[in-house]
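First the structure, in the form of structure tokens, and then the observations on it.
The values are calculated or read from the model by the stated rules, or taken from the named source; none is laboratory data. Source: prediction; values computed, not measured. Cβ atoms come from the backbone with ideal geometry, glycine included; neighbour counts cover every protein chain shown. These area figures cover heavy atoms from the full protein model, side chains too; ligands, DNA and RNA do not enter into them. Shrake-Rupley method; radii C 1.70, N 1.55, O 1.52, S 1.80 Å.
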Amino acid sequence: MSTSSKEKIKPIKMERPVVSIITPSYNSASFITQTIRSVQEQTFLHWELLITDDCSTDDTVEIINAFIKADSRIKLFTLPQNAGPGVARNHSLNHAAGKYIAFLDSDDLWKPEKLEKQIRFMAQSGQHFTFTFYDCMDENGDLMNQRVEAPETLSYKQLFFCNYVGNLTGIYDSDYFGKIPVSSIKKRQDWIVWLTILKKLKYAKPVPESLAVYRIRTKSVSSSKMNLLQYNYAVYRDFHRLNVIAALACMAIFLVVQLLVKPRYVKKS
């Protein structure tokens, strides 16, 4: 059942939220209502939603404030000037109080049992970092009959050549890792966070179920394959500190994996 921003939400008393949800927003008026409602509809109640707005020029802030009036678990911060999603994510992260850090962009959705199932999985398995499968929808919110899965056990080496972790699905334990800073590069920030985690853990396991829905937008940065290649190269050069030849060699392997291996994990939903 959807929750209107005008309906009064019964306050949840928390000495400390269990999950801090990190959400950057920028001109998200068309989608932010659905995103917030998907969080409010979680069967797991002990969360805080930390939204940092990156100088939106549409009605994004007004929409968020309407939700805040009815639900104290939602908090809004605004940046003084447009700085990009990495800076916005870090701003929310600095204010996060939860044991677990989760990520959800302002145009994506969670299924109602996402947090409950994932937190239970982490508690029962002793995993300090997990992620899930996810479905895809188009810009209008219509499901595309496409589910993106991941390896049963994800190693650092696998992740090095392909980001199998959807940003909207990853959760890590901040008591174990501390708060991991998000890179300020425009894309592939999540990949760097996961690489930082897997360098310490060596491997991770997903919840083998689709618990989120990723929106594919035609004009987004991620819709441009050439732009993504530039950001992938930047990760090898700047994060891994590889020289040009080594970075290009890694890019060649990355492309092979993207073309021949990653498609095996994209299934019909």
> Got a number for residues in segment 234-254 being open to solvent by 60 Å² or more (accessible area, probe 1.4 Å), out of contact with any Leu (no Cβ under 8 Å at 6 or more places or on another chain) and assigned to a helix (DSSP H, G or I)?
Replying inline: 6
>> Just the residues that are over 18 Å from Leu115 (Cβ atoms) and either of a type in the set (Asp, Glu) or without any contact (Cβ under 8 Å) to a residue 24 or more places away in the chain (or both), please, taken from segment 168-179.
In response: Gly178
>> If the requirement is being closer than 22 Å to Gln189 by Cβ and either surrounded by 23 or more Cβ atoms within 10 Å (Cβ to Cβ) or touching a strand residue (DSSP E or B) at 6+ places or on another chain (Cβ under 8 Å) (or both), which of these qualifies: Phe131, Phe121?
In response: Phe131
>> Quick test of your reading of the structure: Tyr214 fulfils all but one of (1) free of Cβ contacts under 8 Å to residues at least 60 places away in the same chain; (2) open to solvent by 30 Å² or more (accessible area, probe 1.4 Å). Name the failing condition by number.
In response: (1)
> Tell me, which residue of segment 35-71 that is more than 21 Å from Lys117 (Cα to Cα) and of a type in the set (Ser, Thr, Tyr) is most open to solvent (accessible area, probe 1.4 Å)?
Replying inline: Thr57
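Return yes when Lys187 is closer than 24 Å to Ser28 by Cα, crowded, with 17+ Cβ neighbours inside 10 Å and modelled with pLDDT under 95 and no when it is not.
So Lys187 fits the description; yes.
Quickly run through segment 159-184 and pick out the residues that are assigned to a strand (DSSP E or B) and either hydroxyl-bearing (Ser, Thr, Tyr) or crowded, with 21+ Cβ neighbours inside 10 Å (or both).
Ile171, Tyr172 - these are the residues of segment 159-184 that are assigned to a strand (DSSP E or B) and either hydroxyl-bearing (Ser, Thr, Tyr) or crowded, with 21+ Cβ neighbours inside 10 Å (or both).
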> In segment 134-159, what count of residues is obtained for those that are touching a Leu at 6+ places or on another chain (Cβ under 7 Å) and either in contact (Cβ under 8 Å) with a residue 60 or more places away in the chain or of a type in the set (Phe, Trp, Tyr) (or both)?
Replying inline: 4
>> If the requirement is being modelled with pLDDT of 95 or more, in contact with a Ser or Thr (Cβ under 7 Å, 6 or more places away or on another chain) and within 20 Å of Gly166 (Cβ to Cβ), which of these qualifies: Leu104, Leu115?
In response: Leu104
>> I'd like to know if segment 190-212 contains one or more residues that are modelled with pLDDT of 95 or more, under 30 Å from Asn82 (Cα atoms) and not in a helix (DSSP H, G or I).
In response: yes
> Does segment 115-127 hold any residues that are closer than 18 Å to Ile21 by Cβ and touching a helix residue (DSSP H, G or I) at 6+ places or on another chain (Cβ under 9 Å), and which are they?
Replying inline: Leu115
